[in-house]
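What follows is calculated from the coordinates using simple rules that are stated; it is not laboratory data. Since the structure is predicted, the reported quantities are computational estimates derived from the model, not experimental observations. Because the Cβ atoms are built from the backbone with ideal geometry, glycine has one as well, and the counts that use them run over all protein chains shown.
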Amino acid sequence: MNVAAELDEIRRRLNAIRRITVITGAGVSAASGVPTFRGPGGLWRNRQATQLATPEAFLQDPALVWEWYEWRRSVIAKCEPNAAHRVIANWSQAPGFTLVTQNVDGLHERAGSRRSLKLHGDIWRLQCSECGRNWPDRRSPLPKLPPHCGCGAIARPGVVWFGEPLGEVWAEAQHAAREAQVLLLVGTSAIVYPAASLAPIAKSAGARVIEINPDETPLSAHVDLSLRGLAGELLPQLIAP
Ligand code: BV8
Ligand code: ZN
């Protein structure tokens, strides 16, 4: 079946069902100019994101880790949501729709997505490293690095680091995967866990799993349909004319 026919079939299916879950990764924000983790912008000062996004790196050198997050906030602050974010925001108005994102950039919310499950937190929130307080701070640049909490302790970005648990949102994401009739996997390399286990969970619960990615991923052989293309080009074609 050619891509156009496959898109028709998906569009028909999406119009016929209620429970749709979409999982997104950095690829959805690539067209907005946000560097992906494994793409060309994935390296910062020759360090891998997986090296910097850890409690150990923050303990060892909080100033360096904050410089990285401050750089990412400054890049994201100049980015606008793209067509893929807008299609998903449109779908998010429907009752049976759930958005599960690995992205911390906040572009889904800026596009109007309601009720997104942010698996890995939010780069526009700060969290106290002592008392656990978590609050929004969208200033870029931040007036002082590292920022501190009202209790006097140093604050960290409100994101989930490698080696840290995801928290309650993980149970909600698993539920959304199990309940889905169709699960769309958009713009993720499906390497980071437990996020990458949501598609197999949905599939074993009977969902039809569709992947949209210009490249193959470790899940491509395990989904019902793997469409090679860009989210910003293919998603708009899934909206009923
Ligand atoms: C935990 C927030 C346990 C921070 C992030 C099982 C097997 C192996 C390893 C593990 C395992 N279980 C746990 C692990 C360890 C680890 C892990 O998965 N490591 C990986 C590297 C192997 N997982 C963890 O540590 C997790 N925690 O397991 O805790 C625990 C339990 C109890 C008590 C204590 C501990 C926490 C993981 C979360 C880490 N935080 N982000 C920050 O952002 O700074 S992860 C971060 O990286 C992102 O959030 C995202 O999840 C990931 C990047 O992946 P993608 O978003 O997919 O982006 P990527 O660049 O890789 O790919 C982009 C894709 O888009 C590509 O495929 C490309 O082709 C495509 N694309 C490009 N352009 C487009 C496009 N697609 C469509 N359209 C386009 N235009
Ligand atoms: Zn505090």
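Neighbours of residue 103, meaning other residues whose beta-carbon lies under 12 angstrom from its beta-carbon, give a summed charge of 0 when Lys and Arg score +1 and Asp and Glu score -1. Net charge dipole, the chain: roughly 500 debye, given to the nearest 20, about the Cα centre with Cβ charges of +1 for Lys and Arg and -1 for Asp and Glu.
Computed 3J(HN,Hα) for segment 127-135, one whole-Hz value per residue from the Karplus formula 6.51 cos²θ - 1.76 cosθ + 1.60 where θ = phi - 60°, is 9, 6, 7, 10, 8, x, 4, 10, 9, glycine and proline marked x. In segment 58-191, the ratio of gyration radius to Kirkwood radius, Rg to Rh, stands at 0.99 when only Cα atoms are counted.
In the chain, the longest principal axis of the Cα atoms and the axis of helix 62-77 are about 50 degrees apart. Overall, segment 1-137 carries a charge dipole of about 500 debye about its Cα centre when +1 sits on the Cβ of Lys and Arg and -1 on the Cβ of Asp and Glu, all other atoms neutral.
Going from the fewest other Cβ atoms within 10 Å to the most, the residues 98, 50 appear in the order 50, 98. Taking a straight Cα-Cα cut-off under 30 Å and skipping sequence neighbours fewer than 8 places away in the same chain, the lysines within cross-link reach of residue 144 are 78, 118.
Got a sec? Which residues in segment 194-214 would a label at residue 16 touch, if it sits 7 Å along Cα→Cβ and we count backbone N under 14 Å? What the label zone holds, given the 14 Å backbone N cut-off, is 208.
About its Cα centre, the dipole of segment 150-208 is roughly 180 debye, where the only charges are +1 on Lys and Arg Cβ and -1 on Asp and Glu Cβ. The calculated FRET efficiency for the pair residue 74 and residue 133, based on their C-beta separation and a Förster distance of 30 Å, comes to about 0.80.
Determine, for 69, 193, the number of other Cβ atoms within 10 Å of each Cβ, and report the residues in order from fewest to most.
With the sparsest Cβ surroundings first, the list reads 193, 69.
For residue 121, the residues whose amide H sits under 5 Å from its own are 160, ignoring neighbours fewer than 5 places away on the same chain, with H placed 1.01 Å from N.
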